[in-house]
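Here the structure comes first, spelled out in structure tokens, and everything after it is commentary.
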Amino acid sequence: MADQTSGCGTGCGLLLGLFGLAFALAYWPFALAALVLGAAGCLGWQFLERQGHQQLRALVAAADRRFRHDPCLVEGRFGLIESIALAGPMASAEIRVHCRLIAPRAASVEQGAHARPLSGLAAKDVCVSLAPPLDRLRLRAASGVAAMLGTAGITPLDALSVEAKAVKAAMECIRERDWSSQALARLDGLNRGLQDTLAKARGNELLEASIPQLQQARAAFAQEEQRLLLARDSADSMLAKLHDFLSVPEAIRPILQFDLDQLFDPQRLADLEQSFAEVVQLNDAFRELS
């Protein structure tokens, strides 16, 4: 009985196939036209999808140029928008917003000869992913981008607000403090090399003539060390003060009066880098003596 049913099904399928073939042969112009229209529609849809994806990529790139490094507020934490980028394949593309926030951490103690407790504040990188808006043309306007960011809990700050200025200064303080700490660690290594060279120079007729210059270099290292220590400690102290200001309730902040330009010099890090580069250059010159 089962064999009869299977044979009947196979026969019906064969008959339907033959009927379809006969229909296609009899009306082949219509079948061909339907096939061509279907292929054209599929290609057209793919073209429109690619065009839409390219348009979205261009809009996201424009948003990145507009908001990159702008101060923001993310779930109660202040920071900067580092980048806005389109990621993922065309069918499942998403917009990724990278932010660097001022976040607390366990208070650290610098290691080595410059040990000192530092504030428990650091820069924390976070990435927020969100789906592209249905009306992607809204991203042409800054307000549309801000609204999209708002759906992910990211609030751009007014560039002229005191909060925005304080956030930028705080991020510069973190950068200056961390750079100064790294420079101090490197300076320790340079100092050890200099002391070794001085030890070799005493009693060595080939190097004794350079002892005054080596001592001069040691004095330059000591001066640079004090400059770096002052910069590190000042930046860390200012970071803590700025964080305290940003922690004040929003309704109270307008009452507070201070001139941020008087409190923080953004040129100071560039001056430190130049001074440290000169010290490193001086060390390289004396390494040749040893």
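The values are calculated or read from the model by the stated rules, or taken from the named source; none is laboratory data. The shown structure was predicted, so the numbers you read here are calculated from the model rather than taken from an experiment. Cβ sites come from the backbone with ideal geometry, for glycine too, and all protein chains shown count toward neighbours.
Odds and ends about this structure:
- In a residue-by-residue description of segment 136-155, the property of being assigned to a strand (DSSP E or B) and in contact (Cβ under 8 Å) with a residue 12 or more places away in the chain applies to at least one position.
- Filter result for ARG186 (over 30 Å from LEU246 (Cβ atoms), among the basic types (Lys, Arg) and assigned to a helix (DSSP H, G or I)): yes
- Here ILE81 meets each of (1) of a type in the set (Val, Ile, Thr); (2) in contact with a helix residue (DSSP H, G or I) (Cβ under 6 Å, 6 or more places away or on another chain); (3) not in a strand (DSSP E or B) with one exception, condition (3).
- Some residue of segment 215-228 being closer than 30 Å to LEU101 by Cβ, buried (at least 16 other Cβ atoms within 10 Å of the Cβ) and assigned by TED's automatic domain parsing to the domain that holds ILE255: yes
- ALA123 touching a residue at least 24 places away in the same chain (Cβ under 8 Å), touching a helix residue (DSSP H, G or I) at 6+ places or on another chain (Cβ under 7 Å), closer than 28 Å to SER247 by Cβ and not in a helix (DSSP H, G or I): yes
- PRO133 satisfies every condition listed in (1) modelled with pLDDT of 85 or more; (2) under 26 Å from ALA169 (Cα atoms) except (2).
- Residue in segment 168-177 that is of a type in the set (Asp, Glu), at pLDDT 90 or above, touching a strand residue (DSSP E or B) at 6+ places or on another chain (Cβ under 8 Å) and outside any loop (DSSP other than H, G, I, E, B) present: no
- Applying the set (1) in contact with a Leu (Cβ under 7 Å, 6 or more places away or on another chain); (2) crowded, with 16+ Cβ neighbours inside 10 Å; (3) not aliphatic (A, V, I, L, M) to LYS168 leaves exactly one unmet item: (1).
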